[in-house]
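The values are calculated or read from the model by the stated rules, or taken from the named source; none is laboratory data. Keep in mind it's a predicted model, so treat the numbers as computed, not measured. FYI the Cβ positions are ideal-geometry reconstructions off the backbone, even for glycines, and counts take in every protein chain you see. Accessible surface areas use protein heavy atoms only, side chains included; no ligands, DNA or RNA. Shrake-Rupley method; radii C 1.70, N 1.55, O 1.52, S 1.80 Å.
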Amino acid sequence: MIEVTHFTKRYGDFVAVDDLTLSIGAGEVFGFIGPNGAGKSTTIRFLATLLRPTSGEGKVAGKSVTKDPMGVRRVIGYMPDDFGVYDGMKVWEFLDFFAVAYEIPRTYRKKIIGQVLELLDLTHKRDDYVNGLSKGMKQRLCLAKTLVHDPPVLILDEPASGLDPRARLEMKALLNELRGMGKTILVSSHILSELADFCTSIGVIERGKLLAAGSIADITRQLRQHRVLKVRVIDDSAERAASILRDEENVKTVEVFDQTLTAEFHGHEDDLARLLGRLISAGIGVHSFSEDDLSLEEVFMMITKGIVN
Amino acid sequence: MILRDNPVLIRELLVNLRSPRAFLLQFVYVAFLGVMVYFAWPATEGQVSSGAAQRLFDLFFLGQFFLVALVAPTFAAGSITGEKERKTYEMLLASPLTPTSILVGKLLSSLTYLIILIVSSLPLIILCFLLGGILLSEIARAYLILILAAGTFGLLSLACSSYFGRTSSALVVSYLVILPLAILCVILTRTNDTVLRDFVSIAVLPPWCLTIWAVVVIALNRRLLRPPDVGSEGKEVVDEEQEMKYAIGVVIDRDLFPDKLFAPAKRTDLMPDGTNPVLDKELRSEIFSQGTLMLRVVIQVSMILSIPLMAVLLFLRPENAAYYVSYVLTFNMLVGPVFSAGSITQERERQTLNLLLTTLLRPGKIVFAKLIAALRVSTVLTFLLTEQLFLAYILIPELRDRWWTLIIYLAIIATTCLATSTIGLFCSAISRKTSVAMILTYMTLLFLFVGPVGLRWYLQGFAGGISEDRLSAFTVTSPFSSAFSIPMKSSQYSTNEQTTGSLVMRLIPGINLPVWAVFLLGYPPFCLILFGCTYVAFRYRWWRAGGT
Ligand SMILES: Nc1ncnc2c1ncn2[C@@H]1O[C@H](COP(=O)(O)OP(=O)(O)OP(=O)(O)O)[C@@H](O)[C@H]1O
Ligand SMILES: [Mg+2]
């Protein structure tokens, strides 16, 4: 549904996005994560036909982003990360404005505006002025606006930023619902855990480079090679244990804190068992030897530190 | 604290004066003045007449005075609204800076450049002094007036900047307040009665200016110390009905004539199919989105000014109708750009352009809607002032006999409305910021409308040997000179030709077209071409795969 091939964007000498290639199938929910300034918005604006690429090509629903922007605009709903609203307009007028701009006939408009207001829980704000809404409300209004023409592809740039925890949960539920309606969704965020629950695949971008992309299962499999090992020892043998761990070639870094050692480990289960044997045969009183579960946040931190290729 | 170490002042001075543009502009300015002096310099040494020096000095003074009146608002009117637009206003208010130091910082920083420009003309004035015929005291007096004017105009613009949310509104209201004051001031200080002149410029102007300063400073201080409640997002939500209850003077009622001409009532239901949504939005929502204050001020000030002007120019001396028309044209020149010069840049500044561009609206539709909306509002507002013309043509037999001149006047006014809106929209399409677009528009309009008149006046006085036909050919771009080219007295046409200059220009050999006819024929195609350029600029700059 969405195809990006060798997209590069330069600002002068600065490379904002570097040779990015990406493909998202129909019905997928693709989470686009990366730290600030990574190039998420740049890529998304390119897909939304708002940005001229330095080189590269993009296709949405088979239509070229650069050659047929009108065709692309017809099939996408785009929500920018930073947007304003028109002053002096009421909520329903705002939605009506965009509905007309998307050439929706009047008879459908009435129904659709009611529906999106309902969907985003804005019905009670129907007659309020849009510039008087709070930030989160505006966010929801903007999402409502992207839905008026019922696009098959949604491109959302940080839809959850500025929302309270409850609204975030609701946003997730909403995106799930939209996925259930068969829409293809590209959604960006800095926060991985926000995406992991409902994304079918994710892409991690840092400094303009796509570090990893694929289904969540793929990425975790890639990460399975990297374990965080926690060893607790009794008495004062921590330093001795640390030196044994450091000798091991599978171990990357070792940190000692009191009687707890944290080590980054590369390898399989049998390597782990051998390592435990070595510690015990060296006479170290190991009282716990375990593998830490990586939270998604830690995955993100590891990826963006460049641990995964 | 107020002057030294004032962070507002220092920051703005750094930003404004550090740019190479500032030096370039100063250079161009001094060079321009120099060229003027050079050509006006008496050819032979023996022929030094005090008249030439006096005329040159007058030119200098008037030029600089209007420079102050035109430039002071461009810097000052944006200084607080700019902070509001960039959303840094509240940060500034919440800082430990006292309102006075914010004010002084803003005022001085917006005026410094102007004062540098004024001072840099001093050597040239001294040169005129050497020609003889001018008193030193007169020069000192002129500079005193210039500095006072700069301060007063700057402060008034700053006040507007504080009361309005947008630079464009602040700028236009500043001009509307300042230009009448400036003209009054020139009339008072330029009379031939030397006693009155000295009395006015020494005993009347300074105290009045100081009073205005004091009042404005106190009002602004109050406003900065206790800013009005603008809501959580720092933006005021203006509810029209609420506002109307507290309005003083004119009230705009969208359901009544003539207000509904420029402000159709808000919709109560969805738009019908086939509506241009942008046009609908511009007319029904955008005009009053910042409240009706600006429009009410504009309408009231222009109406109040028009009454004495009508009495003097239309009823007492009907042959001066062209002056009244000039007033209407000036009004349009000031107000027209407000509605067009911001219309594209504001979409960008408010970050709604992205939303608009990803819809199915074609660029032509967007640009056309913006032009029509701007044109409609500015035309209706301008034509509100032509009521007085109609009245005069009905009541005064002298004018009634020449009814066809009314039609030409109205055509000139309508063409001017078209020109100001189109030029404003074009500037909006090629600029990044509304303030830049506004200033660019005013500059272009000055260049096209006022420049030729000034040039003609200058050439008439100093460079002999250019035929009147040639001179009037210069002025075809100016609606003012086309208004004056309409003969108001049948006798004037034949006998007064020496003083009023030729009313005809020879465009094509053999055919004599009056200036107004060339003006009326020339502008519509020019506007069409400019609209085409606007479309192309918008399409390739913003619509097609965005600007950045
Ligand atoms: N107009 C521009 N000129 C120069 N550099 C730019 C411009 N726009 C963006 N950049 C740079 O491109 C890089 C990518 O920006 P982008 O907005 O895509 O990041 P992002 O991933 O969306 O970050 P965030 O999470 O903060 O929204 C940034 O380093 C930014 O500084
Ligand atoms: Mg971003």
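Output the residues belonging to segment A:150-162 that are within 16 Å of ligand 2 (Cβ to nearest atom) and surrounded by fewer than 20 Cβ atoms within 10 Å (Cβ to Cβ). Show your work before the answer.
Within segment A:150-162, the subset within 16 Å of ligand 2 (Cβ to nearest atom) is A:155-162.
Residues satisfying the conditions are A:161, A:162.
All of A:82, A:87 fail the test of being without any contact (Cβ under 8 Å) to a residue 60 or more places away in the chain, within 16 Å of ligand 1 (Cβ to nearest atom), of a type in the set (Asp, Glu) and assigned to a loop (DSSP other than H, G, I, E, B), apart from A:82. For residue A:137, the conditions (1) at negative phi; (2) in a loop (DSSP other than H, G, I, E, B); (3) modelled with pLDDT under 90 all hold with the exception of (2). Within segment B:276-295, is even one residue over 14 Å from residue B:387 (Cβ atoms), in contact (Cβ under 8 Å) with a residue 12 or more places away in the chain and away from every other protein chain (no Cβ under 14 Å)? No; the residues of segment B:276-295 include none that is over 14 Å from residue B:387 (Cβ atoms), in contact (Cβ under 8 Å) with a residue 12 or more places away in the chain and away from every other protein chain (no Cβ under 14 Å). So residue A:143 clears everything in (1) farther than 30 Å from residue A:15 by Cβ; (2) open to solvent by less than 40 Å² (accessible area, probe 1.4 Å); (3) at the interface with chain B (Cβ under 10 Å from one of its Cβ atoms) except one condition, right? Which one? The number of the failed condition is (3).
Applying the condition of being in contact with a Pro (Cβ under 9 Å, 6 or more places away or on another chain) and touching a residue at least 60 places away in the same chain (Cβ under 8 Å) to segment A:159-198 and asking which residue is farthest from ligand 1 (Cβ to nearest atom) yields A:182. Select, from B:440, B:425, B:445, the only residue that is within 30 Å of residue B:311 (Cα to Cα) and at pLDDT 85 or above. Exactly one of B:440, B:425, B:445 is within 30 Å of residue B:311 (Cα to Cα) and at pLDDT 85 or above, namely B:445. Being farther than 30 Å from residue A:29 by Cβ and open to solvent by 60 Å² or more (accessible area, probe 1.4 Å) holds for only one residue in A:258, A:197, A:271, A:218, and it is A:258.
Of the residues in segment B:103-114, none is buried (at least 24 other Cβ atoms within 10 Å of the Cβ), of a type outside the set (Val, Ile, Thr), part of a helix (DSSP H, G or I) and in contact with a Pro (Cβ under 8 Å, 6 or more places away or on another chain).
Can you find a residue that is within 24 Å of the chain's Cα centre (by Cα), farther than 25 Å from residue A:212 by Cβ and within 16 Å of ligand 2 (Cβ to nearest atom) anywhere in segment A:37-52? Looking for residues that are within 24 Å of the chain's Cα centre (by Cα), farther than 25 Å from residue A:212 by Cβ and within 16 Å of ligand 2 (Cβ to nearest atom), one finds at least one in segment A:37-52, hence yes.
Looking across segment A:86-112, the residues that are open to solvent by less than 10 Å² (accessible area, probe 1.4 Å) and more than 7 Å from chain B (Cβ to nearest Cβ) come down to A:91, A:94, A:95, A:99.
Quick grid of which residues meet (1) small (Gly, Ala, Ser); (2) within 16 Å of ligand 1 (Cβ to nearest atom); (3) under 22 Å from the mean Cα position of the chain (by Cα); (4) not assigned by TED's automatic domain parsing to the domain that holds residue A:28:
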| position | (1), (2), (3), (4) |
| --- | --- |
| A:114 | yes, no, no, no |
| A:125 | no, no, no, no |
| A:129 | no, no, no, no |
| A:132 | yes, no, no, no |
| A:142 | no, yes, yes, no |
| A:151 | no, no, yes, no |
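For segment B:141-164, the criterion of a residue being within 30 Å of residue B:78 (Cα to Cα) and in a loop (DSSP other than H, G, I, E, B) is satisfied by at least one position.
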